[in-house]
Structure formats: C-alpha cells, structure tokens
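Working notes, structure below.
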Amino acid sequence: MPPAIVVLISGRGSNMRAIVERSREPPQPYRVALVLCDRPAALGLRIARDLGVASRALPAGPSESRAVYDRALAAAIDEFGPSLIVLAGFMRILSPEFVAHYAGRILNIHPSLLPKYPGLHTHRRVLAAHERVHGATVHFVTEELDGGPPIIQARVSVVPGEDEAALAARVQAQEHVIYPLAVSWYCQGRLRCRGGRAWLDGAALTAPVLYGDNQARGQ
C-alpha cells in the first residue's frame, strides 16, 4: 500500500485537490488518508468528501492556546500514522512543539520565490515592487515562518498591466504541478530533510529544483 499522508487546509483546498488527484495516477506514489481543516465551513472539506477522502473539521476553541490546539491536531493526525504532513493553505502558525514532533516530515507551499516575500499578500507585494518574475516554492517546514529548506520552485513572468487576481491564478496553476511532485518525491524515498538542508536522490540541494529543469528530475 502507498505511504499515507495527511493534508491540512483552511480554505477551498485547490492544492489539496491536486494532491489527491495525483495520488490516484499510476504509480500511485502516496495515498491521502485524511484531510483536516480548522474551519468547519471551508469549501475544501466538501471537496475532500466529494473526492471520497476522509475529512474532519478541527476548529480551535475561542480561548484555546496554540499549544493546546496543536496537541489535539497531532493526536488526530497520529491516528492515521502518516509518513508526511502536507500544509495546503493551512493558515495557522504551528507551535515549535508540533514542528519538532514531525521534524523533517512537514511540507508547505508558499506563493513566492523564497526567500523573497515570506508572509502574506505576496502577489500584491510583487506587483508593487515591479518584479519581472514571480512564482511558488515548496519547502520543508521549520520553526521559522516560510524559512525551511526549499525543495522546488516554479516561476512565471509577470505580465505588464496584470492585476493581482490574474497573477495569483497563474502562480496557483504552477503550484498544482510542483506540490504533488514534491509529495511524490518524499513518499518514494527520494526526498528528505537532513542537517537543515533538503536532499534529493542522495544529494543535498544547493538551490531549489526549478520546475522544467530536466523535467524536474524525472518527475
């Protein structure tokens, strides 16, 4: 049976959908055992159910601390014994204890070419800075927000006169390609995090893989 992963979402779950759909293509490199969401009304929960994936809402109480919530989150995840935790638009900042518990086993995707533009509103900031190139980065999660070892990037040219929504849509289309690819690499045993670096096929990455370079290392 393919390795199990758990996907954490907060919203409509477009990357989650791409990850689920990739899991069903030969050679089925992983299986999505559970989708967890911190917002019970999120569209992504309905999409997961429509895709036939187990899903669960786990909202935080009004006075619940981050540490208490993360312990409940870890308990829900550990029921499924996943090989990998995948953040797909999960908008909560994880506690150091949670990150340490799954050290080297959490991936995230960020809509910028990290280390540029960590945090929120990346497309708006890129346009305001008149950047010519934008994109997305898959990285391992560490305690540093958007600062973990990068794995793979996809780049798009910024079109003059383009608005934030159009740029975001083009970047997201690339996210739907590179995120399932990175998850597959991990679940195939090709990708690991060691010594603060991402390692692919036994070699430390000195820079993130650029999608399209040698068809992203054989896909």
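Read-outs: derived from the displayed coordinates by stated rules, not from any lab. Every value quoted in this text rests on a predicted model; they were computed, and no experiment measured them. Backbone-built Cβ (ideal geometry, glycine too); neighbour counts: all protein chains shown.
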How big, in percent, is the set of alpha carbon pairs in the stretch 93-219 lying more than 27 Å apart? 19
Give the distance, in whole Å, between the Cα centre of the stretch 131-146 and the Cα centre of the stretch 11-69. 21
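Using the number of other C-beta atoms within 10 angstrom as an exposure proxy, rank M16, M1, M91 with the fewest first.
With the fewest neighbours first, M16, M1, M91 line up as M1, M91, M16.
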So how long is each side of the stretch 154-211 along the principal axes, counting just the alpha-carbon atoms, biggest first, in Å? 43, 21, 15
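Sort 61-68, 196-203, 122-129 by packing, meaning the average of other beta carbons within 10 Å per residue, with the highest value first. Kindly include the intermediate steps, with their values, before the conclusion.
On the way: 61-68: 10.4, 196-203: 14.1, 122-129: 17.2.
Ranking, from highest mean packing down: 122-129, 196-203, 61-68.
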Quarter of the Cα convex hull surface for the stretch 1-102, i.e. its orientation-mean projected area (nm²): 6.1
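Work out, in µm²/s and without decimals, the Stokes-Einstein translational diffusion coefficient of the chain at 4 °C, 1.567 mPa s, Rh from Kirkwood over C-alpha pairs. Display every interim value, and only then the final one.
Details: Rh = 17.7 Å.
In µm²/s, the coefficient is 73.
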How much net charge surrounds V158 when only the other residues with a Cβ under 14 Å from the Cβ of V158 are counted, with Lys and Arg +1 and Asp and Glu -1? +2
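Sort H130, H101, H110 so that the residue with the fewest other Cβ atoms within 10 Å of its own Cβ comes first and the one with the most comes last. Numbers along the way, then the final one.
Working: H130 8, H101 17, H110 25.
In order of increasing Cβ crowding within 10 Å: H130, H101, H110.
Determine the gain in length on full extension of the stretch E25-E79; use 0.36 nm per residue of separation and subtract their C-alpha separation, reporting nm with one decimal. Mind showing how you got there, number by number?
On the way: separation 54, 0.36 × 54 = 19.44 nm, distance 2.55 nm.
So the chain would gain 16.9 nm between E25 and E79.
Just add up the charged neighbours of S14: K/R +1, D/E -1, any other residue whose Cβ is under 12 Å from the Cβ of S14.
Details: positive: R12, R17; negative: E21, E175.
Summing Lys/Arg as +1 and Asp/Glu as -1 gives 0.
Over all directions, what mean area does the Cα convex hull of the stretch 62-163 project, stated in square nanometres?
Spelled out: convex hull of the Cα atoms, projected over all directions, averaged, 7.7 nm².
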Given Cβ charges of +1 for Lys and Arg and -1 for Asp and Glu, the option among A198, L120, A136 whose Cα lies farthest towards the positive end of the dipole of the stretch 110-219 is A198
Could you tell me the center-to-center distance, by alpha carbons, between the stretch 74-92 and the stretch 151-204 in angstrom? 19
